[in-house]
Amino acid sequence: MTSGQHAALAPTRSLGSTGLQVSPLCLGGNVFGWTADEAQSSAVMDAYAAQGGNFIDTADVYSEWVPGNTGGDSETIIGNWMAARGNRADVIIATKVAKMSGLRGLSPETIRTAVDGSLSRLRTDYIDLYYAHQDDPETPVEDTLGAFDELIQAGKVRHIASSNFTAERLRESLAFSAANGLASYVAVQNHYNLMERAEYETQIEPIVVEFGLASLPYYSLARGFLTGKYRPGVTIDSPRAKGAEPYIGERGDRVLTALEQVAAAHHCHMAPVALAWLLTRPGLAAPLASARNLEQFADLVTMGTLDLSADDIALLDAASA
């Protein structure tokens, strides 16, 4: 970006009640150490920061599933990048606990061990937003929240959040925190996009609105389907292609047609339109999206300057209903 150009992702949105201001796109770090090596990952983060981006999401388990990886790979790449750029104070970092081998679940012991590993790999002494990556029904919410509260009191974590919780468990956790004066979840990360609406909008969104939480959905592009590249009879060479297959069909066609129409009106691609639609939802702070190279990132960044009209939103709502 040259001098004088608008930073498309300059921070403009509140992260719930935290007082933090975050970019309208949260950069997903799940591909770092997986489909993007360290050099590619650093280039994407450089481009993101150059456009005003300041919010990066990762997890201790990323990318343990890759042969030869042991987990923590994404955190290590992000930590190395921040150390090399000297920009830790300018970046809001979210990471997660509960899914890494040897550190599964949300027991106090697991949380205490996991956070120190994440801090070491990220080369920082604090995490801005620390998620329970998934619920742990075997651990009472009071134990989990007590451990999270300890981390905040110790200065290792600034805020906590939930990911993939049911509405019932989320409400139970919020009520326990309020009743006992403990740190409370300030954000949720759940599966939500134009193709996956019903469960989130009926179960989670009402809680987001009631408690003033920040919503930070993952799979914002429906595993790539909402980019428009997955069509019947089209073969895409990507490790993630299989995940988009369930969306191919009549409803998927309707959504892609609507996205195409709105994208044409705004002279952009379909992906940024799908992301911009999410930003119109109540409580939604920033959708997550990842890019394994600069070409993919260039496609996403347009969403920061898109202003969807009421007609655009109505068209997308109707097509995806």
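Computed from the coordinates by the stated procedures, all read-outs in this text should not be read as laboratory data. Small disclaimer: the values here were computed from a predicted structure and weren't measured. Ideal geometry is used to build each Cβ from the backbone, glycine not excepted, and the neighbour counts take in all protein chains shown.
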Where does each of V44, V31 land when they are ranked from fewest to most other beta-carbon atoms within 10 angstrom?
V31, V44
List the chymotrypsin sites (Phe, Trp or Tyr not before Pro) within region 122-213 that fall in a DSSP loop (any state other than H, G, I, E or B) and whose Cβ has at most 11 other Cβ atoms within 10 Å.
none
Specify, per residue and in Å³, the volume enclosed by the convex hull of the alpha carbon atoms belonging to the chain.
134
Inter-label distance for Q153 and A84, nm, one decimal - labels placed 7 Å from Cα along Cα-to-Cβ
4.0
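Tell me the net charge near D73. Cut-off is 11 Å between Cβ atoms, D73 excluded, with +1 for each Lys or Arg and -1 for each Asp or Glu.
Here the charged neighbours net out to -4.
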Peptides 34-40, 274-280 ordered by average Cβ neighbours within 10 Å, highest first:
274-280, 34-40
With a cut-off of 17 Å, note down the residues of region 75-110 whose backbone N falls inside the zone around a label point 7 Å from the Cα of A43 toward its beta carbon.
78, 81
For region 164-321, just the Cα atoms, rotate onto the principal axes and tell me the three extents in Å, largest first.
54, 34, 32
If you take the alpha carbon radius of gyration of region 167-218 and divide it by 2.2 N^0.38 Å, what ratio comes out, to two decimals?
1.17
Given a Förster radius of 45 Å and the C-beta distance between N180 and R231 as r, what FRET efficiency does 1/(1 + (r/R0)^6) yield to the nearest 0.05?
0.30
Other-chain or far-sequence residues with amide H under 5 Å of K96's (modelled H)
A59, D60, Y131
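What does the net charge come to around S23 if you take all other residues with beta carbon closer than 12 Å to its beta carbon, with K and R at +1 and D and E at -1?
Details: positive: R13; negative: D57, D90.
The answer is -1.
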Quote the Stokes-Einstein diffusion coefficient, in whole µm² s⁻¹, for region 67-135, based on the Kirkwood radius over alpha carbon pairs, a temperature of 4 °C and a viscosity of 1.567 mPa s.
104
³J(HN,Hα), Karplus 6.51/-1.76/1.60, whole Hz, each residue of region 43-52, x for Gly, Pro:
5, 5, 5, 4, 5, 4, 5, 5, 8, x
First obtain the Kirkwood hydrodynamic radius of region 1-113 from its Cα pairs, then insert it into the Stokes-Einstein equation at 10 °C and 1.306 mPa s, and state the resulting D in µm² per second as a whole number.
105
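Counting only C-alpha contacts under 8 Å and six or more residues apart, can you give the relative contact order of the chain as a whole percent? Don't jump to the answer; show the numbers that get you there.
Numbers: 621 pairs, mean separation 60.4, N = 321.
Relative CO of the chain lands at 19 percent.
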Give me the base-10 log of I(q)/I(0) for region 235-321 at each q in 0.14 Å⁻¹, Debye formula, one uniform scatterer per Cα, rounded to two decimals.
-0.53
Restricted to Cα positions, what overall size does region 99-254 have along the principal axes? Three whole-Å values, descending.
54, 35, 26
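Evaluated at 20 °C with a viscosity of 1.002 mPa s, what Stokes-Einstein diffusion coefficient in µm²/s does region 104-161 have when Rh comes from the Kirkwood expression over alpha-carbon pairs? Mind showing how you got there, number by number?
Details: Rh = 11.4 Å.
Result for D is 189 µm²/s.
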In whole Hz, with x marking every Gly and Pro, tabulate ³J(HN,Hα) for region 192-199 from phi via Karplus 6.51 cos²θ - 1.76 cosθ + 1.60, θ = phi - 60°.
7, 6, 4, 8, 10, 10, 4, 5
Apply the Karplus parameterisation 6.51 cos²θ - 1.76 cosθ + 1.60, with θ equal to phi minus 60°, to every residue of region 16-33 and state each ³J(HN,Hα) to the nearest whole Hz, in sequence, with x for glycine and proline.
x, 9, 6, x, 7, 10, 10, 5, x, 10, 8, 7, x, x, 5, 8, 5, x
Fewest first, what order do Y48, Y62 take by the number of other Cβ atoms within 10 Å?
Y48, Y62
Separation of the T113 and N69 label points, Cα + 7 Å toward Cβ, nm
2.2
To the nearest 500 deg cm²/dmol, what mean residue ellipticity at 222 nm is calculated for the chain from DSSP H runs of n ≥ 4 alone, each contributing -39,500 (n - 2.57), summed and divided by the residues?
-11500 deg cm²/dmol
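Please compute the net charge surrounding V157, taking Lys and Arg as +1 and Asp and Glu as -1 over other residues with Cβ under 13 Å from its Cβ. Provide the component values of the computation, followed by the final result.
Working: positive: K96, R112, K156, R158; negative: D116, D125, D128, D149, E150.
Cβ neighbours under 13 Å give a net charge of -1.
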On full extension of the chain, what length is gained from E199 through N293, given 0.36 nm per residue of separation minus the C-alpha to C-alpha distance?
30.7 nm
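Order the peptides 97-106, 309-318 from the highest to the lowest mean number of other Cβ atoms within 10 Å of their residues.
On the way: 97-106: 19.7, 309-318: 14.2.
Most protected by this proxy first, the peptides run 97-106, 309-318.
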How big is the equivalent ellipsoid of region 20-80 along its three axes, where each semi-axis is √(5λ) from the Cα gyration tensor, reported in whole Å from largest to smallest?
21, 12, 8
Compute the length gained on full extension between Y126 and R169: take 0.36 nm times their separation in residues and subtract their Cα-Cα distance, giving the result in nm to one decimal.
12.8 nm
Once R0 is set to 35 Å, what does the formula 1/(1 + (r/R0)^6) return for the Cβ-Cβ distance between T280 and D143, expressed as a FRET efficiency to the nearest 0.05?
0.40
